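Peer 1: Mind looking over this structure? Questions follow.
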Amino acid sequence: MIQHVFDAASLGALYAVMALGVALVFGVMRLMNFAYGALIMIGGSLLRAPGGAPWPVYVLLSIFGVCLAALAMERIAFRPLRGADASTLLVTSFALVIGLEALASILLGSRAKSVNILPSLSGSVGLLGSSIAWIDIATIVCAVALMVAFSAFLRFSPLGMQVRAASEDFRMARLLGVRANRVIAAAFAASGVFAGTAAVLLVAQTGTLTPSMGLTPVLIAFVATVIGGMGSLYGAALGGAVLGILSVALPAALPVGAQPYRNAMIFTIVILILLVRPQGLVGNAISGERI
Amino acid sequence: MAARRFGAAFAPAATIVALGIVSFLAAGLGQKDTVTAMLINVVLVVGLWIFVGNSGILSFGHIAFMAIGAYLASILTIPVTTRDFLLPELPGILSGADPGAAAALLIAIAVTAAFAFLVGLALMRMSGIGAGIATLSLLVIVTNVLSSWSALTGGGGTLTGIPVTTDVTTAFITAAGAIVVAFLFRSSPTGRRLRATREDLVAARALGVRHVPVRLAAFVVSAAVMAAGGWLYAHYLGSISAESFSFQTTFLVIAMLVVGGSYSLAGAVLGVVAVTALTEAMQHLESAGVLGAGGSTGVLAAAVILVLIWRPRGLSQGREPRLPARRPRPKALEAGVADLPAGHEQTAP
């Protein structure tokens, strides 16, 4: 039982980290950034960079590299398209994923590779008669620390306040003097930090690396963002946590015959949540279209 | 009035004729496989356009309808003896039925449309990105069920033994049919109401348009066309697996639609032709050794981004092909507005 609780908490924390990165960019740009999956893939690949440095170097390199990649992505692909249709932006982000995945399979090969970056976390610890994996504990601690730091950034730093203002009403924020380029770049950079962290945690958990490793996380992050409440960062984190808990709780509760249909059930619940609360779990009624 | 009708029918007719010329020319040059695959994509993209182009709601879930149509049509056309061997646990009605190719297609279309109707009752109430995520959920649910329900689909493996009947001609006829259906839907009162909700939902509702039924109608019609696309696809390859109806396929179809220009039907078709031509050219370069393995995908992705930066509304910029407009002669312009025939507005030079 305790093991299930830790599994759920760790998965929920990981999903919340993923969702926050997507929600940030969605908040300021109304862009569902599929290229977030490519960022996670880049983060994973950087963990395999050559050289025998100690693991914290790789972790920092990965997070920093992803942050730079996110900034480059914004500058090269999305800035020229500022103000275009939502579907145009979306397909641009699709194209980025496909292109970067192709690049990764040229550079690194398309087969799955095993990575063991944090060997000290592969063990587990006994707690009240059940064994908890260290990596689960590390995931929860990392995610919580990152979210606390991020929330302090949003609350107290001037740039954080501008990001919040832009998420609420981009045009109004601009009228009040918020610089669009700066705030969007900030959102992408922060989104890169989340993607990098998610990549490190994900690779540490699964131990494998493939060019398409980002696809499932990014889909989960989208779903979490939307059921949590679009444009609300706390909602996105909540949505991620809910999805994580569902993914652990459902298999534990389902009879064996229904196990293969786990994803179908999770996504049926997602549709039901969207039907009952179209504005998301946290969003309020005002976030609908204003006239 | 008759002239205007003709003018309205010009766009789909021109699209079909142009598509036919390109297809049969390329097929004559020995590109039969590429052309067939392209025409199947035309059916899928036009099917998606019927919903996305008219409603303005992006759907990630339409490949689910393609999958259902493909599986159902395949099960019904695999010869009964082979079917007993491949899918021994098939429910009674399906295991013995041998309706023939045409009826199998109609059954697949009807069942898929009925499924879309039931799902749409719930999904069409949503708008914007919520609707997008809900359709994405639908795709996950359908592929999950198809790959797990082994009695019906043979499970996660590949369903083989499907008679290979799709060729350039059947694919072209189906594509032309899809374009006609899309055109008829767009010109119908329901299609017009739906586009009104796309432009401004609040204003359209204030004028008495109920958005859920009109969206639902488009959803069902487009699901039916997707099912026909699935039927073509399955009978082109001769084998299908749940994985072939993945997110990758969804991406490709949406990209073709947006690159062509999602607001016009001709744009949807143009997008397929352009992306197919580019993919083919890149693959030739790749096999000639100019590009490394996987390089063609990279170039394609870069090309898509460049096209969208150049034309954010797609290659067609949302316009349909039109007959060249008859300009008023310079003399008439000099004579002033009063001399122009009634209803003939003077346009800025």
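The values are calculated or read from the model by the stated rules, or taken from the named source; none is laboratory data. Bear in mind that the values here come from a model prediction, so they are computed numbers and not experimental data. For neighbour counting, all protein chains shown are included, and Cβ atoms are generated from backbone atoms with ideal geometry for every residue, glycine included. All accessible areas refer to the heavy atoms of the entire protein, side chains included, with ligands and DNA or RNA removed. Shrake-Rupley method; radii C 1.70, N 1.55, O 1.52, S 1.80 Å.
Peer 1: Rounded to the nearest 500, what is the 222 nm mean residue ellipticity of the protein assembly as shown from helices alone, with -39500 (n - 2.57) per DSSP H run of 4+ residues and division by all residues?
Peer 2: Counting only the DSSP helices, I get -23500 deg cm²/dmol.
Peer 1: Probe of 1.4 angstrom, ligands and nucleic acids ignored: what's the accessible area per residue over chain B, in square angstrom? Before the final figure, lay out the partial values.
Peer 2: Working: 15680 Å² over 349 residues.
Solvent-accessible surface per residue comes out at 45 Å².
Peer 1: What number, in percent, do you get for the relative contact order of chain A if the mean sequence gap of Cα pairs under 8 Å and at least 6 apart is divided by its residue count?
Peer 2: That works out to 37 percent.
Peer 1: Please identify the DSSP H helices in chain B that span no less than 18 Å along the helix axis (Cα) and have a mean Kyte-Doolittle hydropathy of 1.0 or more.
Peer 2: Those that pass (Cα extent of 18 Å or more, hydropathy at least 1.0) are B:2-28, B:32-55, B:62-77, B:101-123, B:128-148, B:168-187, B:211-237, B:247-260, B:265-287, B:295-310.
Peer 1: Grab the other residues whose beta carbon is less than 13 angstrom from that of A:F188, score K and R as +1, D and E as -1, and report the net.
Peer 2: Values: positive: A:R75, A:R79, A:R82, A:R182; negative: A:E74.
After counting each charged neighbour, the total is +3.
Peer 1: Now, a different point. For chain A, which whole-number percentage of the solvent-accessible area (1.4 Å probe, protein heavy atoms only) is attributable to carbon and sulfur atoms?
Peer 2: On the way: 8670 of 12860 Å².
Ligands and nucleic acids excluded, carbon and sulfur reach 67 percent.
Peer 1: Right, here's the next one. If B:D200, B:D98 are ordered by their accessible area, calculated over protein heavy atoms with a 1.4 Å probe, which sequence runs from highest to lowest?
Peer 2: Details: B:D200 65, B:D98 115 Å².
The residues order as B:D98, B:D200, largest area first.
Peer 1: Rounded to the nearest 0.05, what FRET efficiency do B:S95 and B:T160 give with R0 = 25 Å and r taken as the Cβ-Cβ distance? Could you check?
Peer 2: According to the calculation, E is roughly 0.90.
Peer 1: Treating the beta-carbon of each Lys and Arg as +1 and of each Asp and Glu as -1, no other charges, what is the dipole magnitude of the protein assembly as shown about its Cα centre, to the nearest 20 debye? Before the final figure, lay out each step's value.
Peer 2: Working: 37 positive and 22 negative charges, 392 e Å.
Taking the Cα centre of the protein assembly as shown as origin, the dipole is about 1880 debye.
Peer 1: A follow-up question, please. Peptides B:259-271, B:205-217: what's the order by average Cβ count within 10 Å, highest mean first?
Peer 2: On the way: B:259-271: 27.0, B:205-217: 16.2.
The packing order, highest mean first, is B:259-271, B:205-217.
Peer 1: Ballpark to the nearest 100 Å², how much total accessible area do A and B bury together, probe 1.4 Å?
Peer 2: The summed interface area works out to 3200 Å².
Peer 1: Same structure again: Let me check I've understood the local charge: for A:R75, count other residues with C-beta under 13 angstrom from its C-beta, Lys and Arg +1, Asp and Glu -1. What total comes out?
Peer 2: It works out to a net charge of +2.
Peer 1: Can you figure out the FRET efficiency of A:V276 with A:R111, using R₀ = 60 Å and their beta-carbon distance, to the nearest 0.05?
Peer 2: 0.90
Peer 1: Keeping all protein chains in place and using 1.4 angstrom, which order do A:E101, A:E74, B:E243 fall into by accessible surface area, from largest down?
Peer 2: B:E243, A:E101, A:E74
Peer 1: Taking region B:18-128 as the region of interest, what is the percent of Cα-Cα pairs per 5 angstrom bin, listed from the shortest bin to the one with the maximum distance?
Peer 2: 2, 10, 15, 16, 15, 15, 13, 9, 4, 1
Peer 1: May I ask you to give the percent of accessible area on region B:2-241 that is carbon plus sulfur, with a probe radius of 1.4 Å? Walk me through the intermediate numbers first.
Peer 2: On the way: 6380 of 9310 Å².
The value for region B:2-241 is 69 percent carbon and sulfur by accessible area.
Peer 1: Please compute the average number of Cβ atoms from other chains found within 10 Å of each residue's Cβ in peptide A:82-89.
Peer 2: What the average comes to for A:82-89 is 6.
Peer 1: Another question about this same structure. In whole Å, what three semi-axes, largest first, describe the equivalent ellipsoid of chain B built from its Cα gyration tensor (square root of 5 times each eigenvalue)?
Peer 2: Equivalent ellipsoid semi-axes, largest first: 38, 25, 20 Å.
Peer 1: While we're here: Taking 30 Å² as the minimum loss, tell me which residues in region B:48-70 lose that much accessible area going from the chain by itself to the full protein complex (1.4 Å probe).
Peer 2: B:L58, B:F60
Peer 1: Now for a different question. Ignore the peptide's own chain and count Cβ atoms of other chains within 10 Å of each Cβ in A:215-226; give me the average, rounded.
Peer 2: Neighbouring Cβ atoms belonging to other protein chains average 3 per residue here.
Peer 1: Net charge near B:F51, counting Lys/Arg +1 and Asp/Glu -1 over other residues with Cβ under 13 Å of its Cβ?
Peer 2: Within the 13 Å Cβ shell, the charges total +4.
Peer 1: Something else: Among B:71-77, A:155-161, what's the highest-first ranking by average C-beta atoms within 10 angstrom per residue?
Peer 2: Ranking the peptides B:71-77, A:155-161 by packing returns B:71-77, A:155-161.
Peer 1: Where does each of B:K32, A:K113 land when they are ordered by accessible area, with a 1.4 Å probe and the largest first?
Peer 2: From most accessible down to least: B:K32, A:K113.
Peer 1: Now a separate question. Using only the alpha carbons, work out the radius of gyration and Dmax of the protein assembly as shown in angstrom.
Peer 2: Over the protein assembly as shown's Cα set, Rg and Dmax evaluate to 26.0, 98 Å.
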